[in-house]
Amino acid sequence: MNNITKLLFLLLIVSNTAFATLIATVDSKTVELGETVTYSLSISGEKVKKPNIQRLCNSDVLSTSSQTSMQIINGNTSKSYTLSYKFLPQKSCKIERIEVEIDGKTELSSEIEIEVKPVSAAKDLDFTLELSSEKKELYVGEAFDITLTFKQKNDVGAVDSEFTPPELKGLWVKKESEPKRYQEDKYTITKVVYRVAPQRAGELKITKAQMRVASRNSRENSWGAWIPTIKWKTYFSNELDLNVKPLPSGVDLVGNFTIKATVEKKEIKANEALNVIVEVQGEGNLEDIKSFKQNIDTVAVFDEKIVINGAKLTQKIAFVAERDFVVPAFTLNYFDPKTKEIKTISTKEIPIKVENSKATQELVVKKSSIDESVEVKTRSNDEYDKLNYIFIFILGLIIGILTMFFKEKIKFKKNKKSDFTDNQKTFLMKLLPFKDDLEAKEMIEKLEAKIYSNQEINLDKKVLKNIKNKYKIE
């Protein structure tokens, strides 16, 4: 009786499978880390809405493919589809049910368990990928090296490869070295060094790097013959965990530095530019150093952009003065991660002699007393001297009147031009909300070019008036 029950149950399963319109399968339920899995959906029906599958088992779908077939049985035509999705699971997981709309009905696929086994612990692996760091605990801004090492057996050929670098979130990549390749025992080793610095405090994780390698393989076809194929496998590196500590309050720099300042000469002429070169060398976050420009009374100071070349920072600063002055000391505060101390370094002051310098003069007012008992003698009032004085007075008066007249005229023109420009700017601001209109847009472009680029553009007064009336601009 039990055997009959089992037989009926088996027939029921086979019957359901035979009439099923949606079947989910995988090419392998147990894989090694780095091996891909192909998930397939077999669908039967006339009208099929294909599902949009982007991820499986919390992994991105690497590639998709589809096949369509037709069968005619006793004059009836039936269609079937096979949708395949290739993905790379990184740990054991479950493929959830997939909804597919078939002939107006929603069907659900079955769940499938995938087991991912760790890579074999054998020493002679064909390929290995490793991340290593010289430091695990460090400070914000402290530079350090991360080394990526890829090893390949000499007797193993790779047809193709695809490299995915690790994610360096929270880290600033200062430099990436060129790949260095060399032989060691029976391996070809390739190394890449990343010079990085953490941007924030806390726990940082450097994710796994990936190397996807295509190797030659073979498989048996339906006729029993072995045919050459290409097999892809992904190799993962380890992850790195970093503990990043904040810098002490009031300090932005971390590392170990030296500083010096040099001048071309210590004697210059008045109003001659003196160039001072400030150099900072050392290991640390040079990119966070601000300009060394300082304000000095009676001296004009001009600074150029800071230039960083490897472990050296350079800035040129020009000083222009009319009298003797002193180039001030340039100071740098930083945190030394080795000694765990805040250190201060500085240059020495440099006195500069200015030739023909203008000494600062003190204004002295002298009072003159007049003895009232002394009689003031006047010149003779001859007629010739009177005429000269009158002529000089009249000439000075005329020149003064003409000068005032021309000054007022120039000032009036400038004010008129300034008012005209201000009016144009006001009109431009009022016109901006209508920039989506083609006519307004053209006028905005002309006004911007005329006002801000000083281009000689004649504005049509009629067009201006029409635009003002159209948009009701006062």
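The values are calculated or read from the model by the stated rules, or taken from the named source; none is laboratory data. Treat the numbers as computed from the prediction; the structure is a model and nothing was measured. Backbone-built Cβ (ideal geometry, glycine too); neighbour counts: all protein chains shown.
For the reader, a short list of remarks on this structure follows.
- Yes/no for Lys338 being touching a residue at least 40 places away in the same chain (Cβ under 8 Å) and in a loop (DSSP other than H, G, I, E, B): yes
- Among the residues making up the range 61-90, a single one is at pLDDT 90 or above and charged (D, E, K, R): Lys86.
- Only one entry of Thr106, Thr128 meets the criterion of being over 27 Å from Glu32 (Cβ atoms) and of a type in the set (S, T, N, Q), and that entry is Thr106.
- A count restricted to the range 17-59 and to residues that are of a type in the set (S, T, N, Q) and either touching a Leu at 6+ places or on another chain (Cβ under 7 Å) or not in a loop (DSSP other than H, G, I, E, B) (or both) stands at 9.
- Scanning the range 132-174 for residues that are surrounded by fewer than 19 Cβ atoms within 10 Å (Cβ to Cβ), part of a strand (DSSP E or B) and among the aliphatic types (A, V, I, L, M) yields one hit, Val173.
- Taking (1) over 30 Å from Asn285 (Cα atoms); (2) at pLDDT 60 or above in turn, Lys367 satisfies each apart from (2).
- Any hit, the range 203-222, residues being surrounded by 14 or more Cβ atoms within 10 Å (Cβ to Cβ) and over 30 Å from Leu148 (Cα atoms): no
- Subset of the range 223-270 that is of a type in the set (Lys, Arg) and within 30 Å of Pro198 (Cα to Cα) - its residue that is farthest from the chain's Cα centre (by Cα): Lys260
Yes or no, residue by residue, for (1) touching a residue at least 60 places away in the same chain (Cβ under 8 Å); (2) surrounded by fewer than 12 Cβ atoms within 10 Å (Cβ to Cβ); (3) touching a helix residue (DSSP H, G or I) at 6+ places or on another chain (Cβ under 6 Å):
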| residue | (1), (2), (3) |
| --- | --- |
| Ala261 | yes, no, no |
| Asn275 | no, no, no |
| Glu279 | no, no, no |
| Glu283 | yes, no, no |
| Ile289 | no, no, no |
| Asn295 | no, yes, no |
| Phe302 | no, no, no |
| Val307 | no, yes, no |
| Lys316 | no, no, no |
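- Residue in the range 107-130 that is touching a Phe, Trp or Tyr at 6+ places or on another chain (Cβ under 6 Å) and of a type outside the set (Ser, Thr, Tyr) present: yes
- Condition met for Ile230 (at pLDDT below 85 and not polar (S, T, N, Q)): yes
- Selection count where residues are of a type in the set (Val, Ile, Thr) and exposed (fewer than 15 other Cβ atoms within 10 Å of the Cβ), scope the range 24-37: 1
- Screening the range 318-356 for residues that are touching an Asp or Glu at 6+ places or on another chain (Cβ under 7 Å) and closer than 27 Å to Val244 by Cβ and picking the one that is surrounded by the most Cβ atoms within 10 Å (Cβ to Cβ) gives Pro337.
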